[in-house]
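Novice: So that we are looking at the same thing, I have put the structure below in structure tokens.
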Amino acid sequence: MTEKYESPFSSFLWGTATSAHQIEGNNRFNDWWEWEQSGRLKHASGVACDHYRLFRQDIELISKLGHNAYRFSVEWSRIEPEENIWNEVALAYYGDILRELKSRHIEPIVTLHHFTNPVWFMRKGGWLLPDAPALFARFVKKVVSVLGKDVRLWITINEPMIYLYFSYLLGDWPPGNHSFKDSIIVFKNLVRAHVHAYQVIHQIYESALQTQVWVSIAQHMTHMMPCRPNSIRDRLVVTLRRWFVNFLFLEAVQNGMLFFPGLFCEALPRKKSLDFIGINYYSRQFVRSKGWIGADMLGDMCSQDHHGKDICECNSLGWEIYPEGLYQVLKSLRKLKLPVLIAENGICTTDDEQRTRFIRDHVAAVHRAIRESVQVWGYLYWSLVDNFEWDKGFAPRFGIVEVDYQTQTRKVKSSAQELERSCRKLCHGNENHAG
Ligand code: FCB
């Protein structure tokens, strides 16, 4: 069944996504830079894709590739390198990016927090600080006051649950915490930070800008399946894990309640702090039960060998390629009754034919979900260019544009044509969709 719905945009939004630290280069004042310099990793971001210098050329490329949307992040540590000291040059740089996009009719989707934090903020205590949400909101206020006139879509926090997991629970990312207790504090503060930022953004648009704005997070979503489909225990664990990984954050901000059974229940200052749902989808997991106490209730992820023939193709990081999972995840979001933006979906591979198939099949999955009345505003492929993939360095290749890191030259891969072909097909096959 096809259902008509109004989208505020003149067309289905499509293009790519990036983040500041992964492409700009020389983000010297953030915790990732410090982490890289400390020798904990085998590599450092350095000049990355030198996008800080080459942004005009990169945006021209985006335009040549036909994209009508682009998601990027502003770097908090560049804008506020010391507490409450604002770098006007950095703000002007992001203003230039927005002007370049506007002149080419490319819709910007701007992320305010994408894994990195200013060093001064982390020295004070980072996301464990009771006033972390207020410090983040002060930054948001500054950025939105200056850049807001050219932005209609904001993502406050990228993948809060992933950030929390790697930085505060597992300790693989800065600040390298490994504490369940701290993770709960950080979870609450990230939720509060989003709600606070949501309020600040809406206040600015209502009072000063008097235009419409849409605010969300980018929620990492995984499709999960029971290891043993006939096991009630595995099926129960999938339900719990799906709620925890995919929905805990979304439901907290929508219901206005910090809630975890047996652990906490606390009202937030407001409900409904999402205007749409941004999702990042990459893969699926098979899950099996482990136990019924504490974190064991979320089960274990099965190794792929264990599932052998059931596993489809994998990307070069070993993540399974499963387009059906994107369709399932989109359908699971219908209960929240909000439009969805696919803020990231991508593949790490050096085989560009594999990327081409990946894009074709995932955009087809989006189209199928739209035909079944899921409201999808757009699709952003991760990523525009090969870039700095956090603790994995420069080896993983996610881009539709190849980067020669020696010369910083860009070379468009043929999968870029598939992105255009598939998305244009989706736009045309779905004309009801455009508002
Ligand atoms: C996502 C991150 C993004 C990139 C891709 C591969 O989880 O948001 O920065 O690392 O994975």
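Novice: Restricting to the stretch 178-188, name every residue that is touching a Gly at 6+ places or on another chain (Cβ under 9 Å) and in a helix (DSSP H, G or I).
Specialist: Once the filter is applied, which keeps residues that are touching a Gly at 6+ places or on another chain (Cβ under 9 Å) and in a helix (DSSP H, G or I), the stretch 178-188 yields Phe180, Val186.
Novice: Also, I was wondering about something else. Scan the stretch 87-111 and report the pairs whose first residue is without any contact (Cβ under 8 Å) to a residue 24 or more places away in the chain and whose second residue is in a helix (DSSP H, G or I) and of a type in the set (Val, Ile, Thr), with Cβ atoms within less than 6 Å and a gap of 6+ or a chain change.
Specialist: Asn87/Ile79; Ala90/Ile79
Novice: May I ask you to list pairs of residues, at least six apart or on different chains, whose Cβ atoms are under 7 Å apart, with the first in the stretch 361-390 being closer than 11 Å to Trp14 by Cα and the second being within 16 Å of the ligand (Cβ to nearest atom) and of a type in the set (D, E, K, R)?
Specialist: Pairs found: Leu380/Arg71; Leu380/Glu344.
Novice: On the basis of being touching a residue at least 40 places away in the same chain (Cβ under 8 Å), outside any helix (DSSP H, G or I), more than 21 Å from Arg241 (Cα to Cα) and not aromatic (Phe, Trp, Tyr), does Val215 make the cut? Give the derivation first.
Specialist: Values: touching a residue at least 40 places away in the same chain (Cβ under 8 Å): yes; outside any helix (DSSP H, G or I): yes; more than 21 Å from Arg241 (Cα to Cα): yes; not aromatic (Phe, Trp, Tyr): yes.
In short, yes.
Novice: If I filter the stretch 350-358 for residues that are within 16 Å of the ligand (Cβ to nearest atom) and either basic (Lys, Arg) or part of a loop (DSSP other than H, G, I, E, B) (or both), do I get at least one hit? Write out each step before concluding.
Specialist: Quick first cut of the stretch 350-358, residues within 16 Å of the ligand (Cβ to nearest atom) only: 350, 354-355, 358.
Then drop every residue that is not either basic (Lys, Arg) or part of a loop (DSSP other than H, G, I, E, B) (or both), which leaves 350, 355.
Yes: one or more hits.
Novice: Further question on the same structure: Can we say Glu344 is within 30 Å of Asp275 (Cβ to Cβ) and more than 16 Å from the ligand (Cβ to nearest atom)? Walk me through it before giving the result.
Specialist: Working: within 30 Å of Asp275 (Cβ to Cβ): yes; more than 16 Å from the ligand (Cβ to nearest atom): no.
Criteria not met by Glu344.
Novice: Let me ask you something else. Looking at the stretch 371-407, which of the residues that are hydroxyl-bearing (Ser, Thr, Tyr) and out of contact with any Ser or Thr (no Cβ under 8 Å at 6 or more places or on another chain) is farthest from the ligand (Cβ to nearest atom)? Walk me through it before giving the result.
Specialist: As a first pass, look at the stretch 371-407 and keep what is hydroxyl-bearing (Ser, Thr, Tyr): 373, 379, 381, 383, 405, 407.
If we keep only those that are out of contact with any Ser or Thr (no Cβ under 8 Å at 6 or more places or on another chain) too, we end up with 379, 405, 407.
On the way: Tyr379: 15, Tyr405: 17, Thr407: 24 Å.
Filtering the stretch 371-407 for residues that are hydroxyl-bearing (Ser, Thr, Tyr) and out of contact with any Ser or Thr (no Cβ under 8 Å at 6 or more places or on another chain), the one farthest from the ligand (Cβ to nearest atom) comes out as Thr407.
Novice: Next question. Determine whether the stretch 184-195 contains at least one residue that is surrounded by 21 or more Cβ atoms within 10 Å (Cβ to Cβ), closer than 21 Å to Gln22 by Cα and modelled with pLDDT of 95 or more.
Specialist: Checking the stretch 184-195: not a single residue is surrounded by 21 or more Cβ atoms within 10 Å (Cβ to Cβ), closer than 21 Å to Gln22 by Cα and modelled with pLDDT of 95 or more.
Novice: Scan (1) under 23 Å from Glu159 (Cβ atoms); (2) in a loop (DSSP other than H, G, I, E, B); (3) in contact (Cβ under 8 Å) with a residue 12 or more places away in the chain for the single condition Arg78 breaks and write down its number.
Specialist: Here Arg78 meets the rest and fails (2).
Novice: Inspect the stretch 208-217 for any residue being out of contact with any Gly (no Cβ under 8 Å at 6 or more places or on another chain), among the small types (Gly, Ala, Ser) and buried (at least 19 other Cβ atoms within 10 Å of the Cβ) and give the result as yes or no.
Specialist: no
Novice: Let me spell it out: the conditions are (1) more than 27 Å from Trp382 (Cα to Cα); (2) touching an Asp or Glu at 6+ places or on another chain (Cβ under 8 Å), and Lys102 meets all of them except one. Which number is the exception?
Specialist: (1)
Novice: In addition: Among the residues of the stretch 111-122, is any within 16 Å of the ligand (Cβ to nearest atom), within 22 Å of the chain's Cα centre (by Cα), among the aromatic types (Phe, Trp, Tyr) and closer than 20 Å to Lys188 by Cβ?
Specialist: Here is the first cut: in the stretch 111-122, the residues within 16 Å of the ligand (Cβ to nearest atom) are 111-117.
Applying the additional criterion that residues be within 22 Å of the chain's Cα centre (by Cα) yields 111-117.
Still in the list and also among the aromatic types (Phe, Trp, Tyr): 115.
Imposing the further condition that a residue be closer than 20 Å to Lys188 by Cβ reduces the set to 115.
Among the residues of the stretch 111-122, at least one is within 16 Å of the ligand (Cβ to nearest atom), within 22 Å of the chain's Cα centre (by Cα), among the aromatic types (Phe, Trp, Tyr) and closer than 20 Å to Lys188 by Cβ, which makes the answer yes.
Novice: Among the residues of the stretch 265-284 satisfying the criterion of being within 14 Å of the ligand (Cβ to nearest atom) and not small (Gly, Ala, Ser), which is farthest from the chain's Cα centre (by Cα)?
Specialist: To start, the set of residues in the stretch 265-284 that are within 14 Å of the ligand (Cβ to nearest atom) comprises 278-283.
Those left that are additionally not small (Gly, Ala, Ser): 279-282.
Numbers: Ile279: 7, Asn280: 5, Tyr281: 9, Tyr282: 11 Å.
Once the filter is applied, the top-ranked residue is Tyr282.
Novice: Right, another one. List, please: which pairs have Cβ atoms under 9 Å, are six or more places apart or on different chains, and start with a residue in the stretch 321-337 that is touching a residue at least 24 places away in the same chain (Cβ under 8 Å) and under 15 Å from Arg242 (Cβ atoms) and end with one that is in a helix (DSSP H, G or I) and of a type in the set (Phe, Trp, Tyr)?
Specialist: From the stretch 321-337, the pairs are Ser332/Phe247; Leu336/Phe247.
Novice: Yes or no: the stretch 257-277 includes at least one residue that is out of contact with any Cys (no Cβ under 7 Å at 6 or more places or on another chain) and closer than 30 Å to Asn315 by Cα.
Specialist: yes
Novice: Can you name every residue in the stretch 1-58 that is β-branched (Val, Ile, Thr) and out of contact with any Leu (no Cβ under 6 Å at 6 or more places or on another chain)?
Specialist: Result: Thr2, Ile23, Val47.
Novice: Looking only at the stretch 39-78, filter to residues that are over 17 Å from Ala92 (Cβ atoms) and basic (Lys, Arg); which one of those is nearest to the chain's Cα centre (by Cα)?
Specialist: Here the answer is Arg71.
The values are calculated or read from the model by the stated rules, or taken from the named source; none is laboratory data. If you're wondering where the values come from, they're calculated on a predicted model, not measured in any experiment. Cβ coordinates were reconstructed from backbone atoms using ideal geometry, including for glycine residues, and neighbour counts include every protein chain displayed.
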